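Worksheet: the structure to be examined is printed underneath.
Any read-out appearing in this document is the output of simple, stated calculations on the displayed coordinates, not a laboratory observation. Fair warning: this is a prediction, and the values are worked out from it, not measured in the lab. When we count neighbours, we look across all protein chains shown, and the Cβ atoms used for this are built from the backbone with ideal geometry, even at glycine.
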Amino acid sequence: MRLNQHLQLHGEQVVLVPYTTQLVQRYHAWMQSEELREATGSELLTLDEELEMCSSWREDTDKLTFIVLDKAAAQAGSPLSDAAACGDVNCFLNAEPGEAEVSVMIAEPESRRRGCAAESVRLLQAYAAGALGVRLFRAKIGQDNTASVGLFLKLGYAVVSSSEVFREDTYELLLPQEQACEAYARLRIVTLSH
């Protein structure tokens, strides 16, 4: 997260903001849901463990973590704030240059099935492609997670392998150079003051 700790990525429906300590309480509340933990392959952590995880992620050089703010969740006429947080999107840089694993979670039910997840992944891919040279994106999805399977198929990912032991499929998307450059050029990046 060191790479994105001072950046916001703006889309039509969402704004991706750095995962900061003031957002840990909200994230921790989401992760009390067994359904969300199962869908994301996450463990139940204490609030102190979440705070520690947030701090360690901030120093990580091989991970981008953003909290997704849903513009529709903001009060009419009021500025977008942490109250509009609806989920997260992550990019884990692989040991192989130009490759990364992507994950997304829309935790707030009212923000689901409205395109927030798709736009969040597209924004993250555009940033990772343009700023970090990532071309091959990978997602590991539980076979029972039909919503995520549908999302990544819609985004152009294809199944490349399956694990019956873990009941998980691996999906990949190779982003052509020209498409990556165009997506990055259209990206609205806001640098926050330190």
- Can you give me the Cα centroid spacing of the stretch 88-166 and the stretch 1-72 in angstrom? 15
- Would you grab the residues whose amide H sits under 5 Å from the one on residue 115? Only those 5+ places off in sequence or on another chain, please, with H modelled 1.01 Å from N. none
- Task: Pull out a ≥ b ≥ c, the square roots of the eigenvalues of the alpha-carbon gyration tensor of the stretch 1-106, then state rounded if a/c is under 1.5, prolate if not and a/b is larger than b/c, and oblate in the remaining case.
- Result: oblate
- Query: What length, rounded to one decimal in nm, is gained on full extension from residue 192 through to residue 81, with 0.36 nm per residue of separation minus their alpha-carbon distance?
  - Reply: 38.5 nm
- Message: Are there any trypsin sites (Lys or Arg not before Pro) in the stretch 97-126 that are in a DSSP loop and have at most 16 other Cβ atoms within 10 Å? List them by number.
- Response: 112, 113, 114
- At most 13 other Cβ within 10 Å, DSSP loop - chymotrypsin sites (Phe, Trp or Tyr not before Pro), the stretch 162-194: 166
- Message: For 123, 64, 93, 36, which order do you get if you count the other beta carbons within 10 Å of each Cβ and list the fewest first?
- Response: 36, 93, 123, 64
- By counting other Cβ atoms within 10 Å of each Cβ, how are 65, 191 ranked from fewest to most? 191, 65
- What value, in deg cm²/dmol to 500, does the helix sum -39500 (n - 2.57) over DSSP H runs of n ≥ 4 give at 222 nm once divided by the residues of the chain? -9500 deg cm²/dmol
